[in-house]
């Protein structure tokens, strides 16, 4: 047989389109060419495959070898095609039966001695192969990580010779992975916070309804500590969220993350680092925080144009990056927690300290955060420094953490029973249905919104926060007190 077909997959973002690796042996001067829009790493596979076959005691065909990676218009990169190219040559030269590669997909970079090496971004390929009901053969060092895909059939091999031995056996030895018995959260307990009752109340509301939070206060007020307290209060991640995050981290060559992620990029982060980008449109911090918390400390120190790129993912829950090769879409459904000082010196509006900044300097500093971005943040809260007595004698602070979690869990249970999602994810049509108010309360709320000049988005954000406040209090209707508390969490930066 002089022609063969072996299946593999390319990596285009989180997508893994099928690639048919065809090999043809013909008469003529000995040559080896790879066609089908291969990148340099794939073109270099000719030397790796030749050495791997010879070192694995196979015969190198002394003929003209043409390998085609179809479809031709799809870019192919990385070393993942080494193994399927080698197998295609073995089948075409008659050293391996064609029936052994049927309904199976192959991935792996070959060493010159025939060993199989780790490849980046294979989790999406395993997921796609599983949907097509095909078995997958991978390098042994990453087989267990790839076998976490539900329903997958993953076989491991350490070298090319072992792969051929697996193929000649009657059945593949599928890698078994034990089911996870817990979420494995990185933060197992909520840090104990002395004082800051208003901020802790906002944290409770944010955890219950999935709301975004902005904290404004002087240095040392506890903003970072409060932000780190949010992940333990959030619900356990769903398997689908964990799998999506694993796909993103595998694409970047990172280890799998357990529990809710907590990402805190530095304020000099570039646009590509925050939302993703570069030549290959790799995911950024917003995608690495998918299903968890994105903490932006020193918010006003970020480049304003970089911060404004957060508008789309805050609303849609995903990020789209367009490049010449195509459009890459990554999930980015995160909970934003931001912290900033009120002015450059950090003490504007603080009673215990004297601000050294002039009013125009304070205005320019606060104007680094655009109005549209502020409008997308549900909760705005101001913090002040706590007295020494509160810090030194607050050893029992945080002892009611269990009660706080139970109250938050009850509120989330009400939301899922009522609308199958958290309040922050409610669309506008369903929002009005789950926010019943008395006629007098509705009239008061309308006047309050007009007096405060709230935008349409601001009104809906306030209603969502009020719904979470009511759920924490186990109230079915929105009262004037509930709405007043929700309104109090708006526009703190501009006050």
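Things worth noting here:
- Of residues in region 52-89 being crowded, with 16+ Cβ neighbours inside 10 Å and more than 24 Å from residue 11 (Cα to Cα), the one farthest from the chain's Cα centre (by Cα): 63
- Verdict on residue 142 being within 23 Å of residue 240 (Cβ to Cβ) and either part of a loop (DSSP other than H, G, I, E, B) or in contact (Cβ under 8 Å) with a residue 24 or more places away in the chain (or both): yes
- Test for residue 322: is it over 18 Å from the mean Cα position of the chain (by Cα) and in a strand (DSSP E or B): yes
We did not get these values from a lab; they are worked out from the coordinates using the rules stated. Computed from a prediction, not measured in an experiment: that's the story for all the values here. Neighbour counts run over all protein chains shown; Cβ positions are idealised from the backbone, glycine included.
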